[in-house]
Amino acid sequence: MFNFDDANKKSKEAVDTALRTYSDTAKGFQAIAAEAAEYSKKSFQDAVTHFETLAGAKSFEAAFELQTSYVKSYFEGFVSETTKLGEMYADLAKSAYKPYEAPIAAAVSKAPKSAQPTASVAA
């Protein structure tokens, strides 16, 4: 017989889990957006400072050295930031999956095992 109380309880749990996951995911995306905005702001400020310094260079060699140093530090900062953002996205995906891990494992364990296909033997 179908038990409405159990169905209601399971539905409530599913909705609560979905809402909690949505809230956590939204917070994660906000943190990622804040990090990206902060990096963009810092990168822009560094570029402005670099171009001001570059404009005051007295020789081609000095300008070349300044530009080389800036490109090197910019690339290192970019790699560091993209690594950090990648880790933030990975953490977000893990936290979004976590509430569903146990129910999915339980459903998989309850699912009937499919019969192994028999290999046809050539006569």
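The values are calculated or read from the model by the stated rules, or taken from the named source; none is laboratory data. These numbers come from a predicted model, not from an experiment. Cβ: placed from backbone, ideal geometry, glycine included. Neighbour counts: every protein chain shown. These area figures cover heavy atoms from the full protein model, side chains too; ligands, DNA and RNA do not enter into them. Shrake-Rupley method; radii C 1.70, N 1.55, O 1.52, S 1.80 Å.
Residues are listed down the side, and each one gets a yes or a no for (1) under 17 Å from the mean Cα position of the chain (by Cα); (2) open to solvent by 100 Å² or more (accessible area, probe 1.4 Å):
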{"site": "21", "(1), (2)": "yes, no"}
{"site": "31", "(1), (2)": "yes, no"}
{"site": "56", "(1), (2)": "no, no"}
{"site": "77", "(1), (2)": "no, no"}
{"site": "85", "(1), (2)": "yes, no"}
{"site": "89", "(1), (2)": "yes, yes"}
{"site": "98", "(1), (2)": "yes, yes"}
{"site": "102", "(1), (2)": "no, no"}
inquiry  = Being more than 26 Å from the chain's Cα centre (by Cα), closer than 30 Å to residue 15 by Cβ and in a helix (DSSP H, G or I) is the requirement here; does residue 71 meet it?
reply    = no
key: Restricting segment 2-19 to residues that are among the hydrophobic types (A, V, I, L, M, F, W, C), open to solvent by 60 Å² or more (accessible area, probe 1.4 Å) and more than 13 Å from residue 96 (Cβ to Cβ), the residue that is farthest from the chain's Cα centre (by Cα)   = 2
ask   = Can you name the number of the only condition in (1) open to solvent by less than 50 Å² (accessible area, probe 1.4 Å); (2) touching a Gly at 6+ places or on another chain (Cβ under 9 Å) that residue 42 fails?
value = (1)
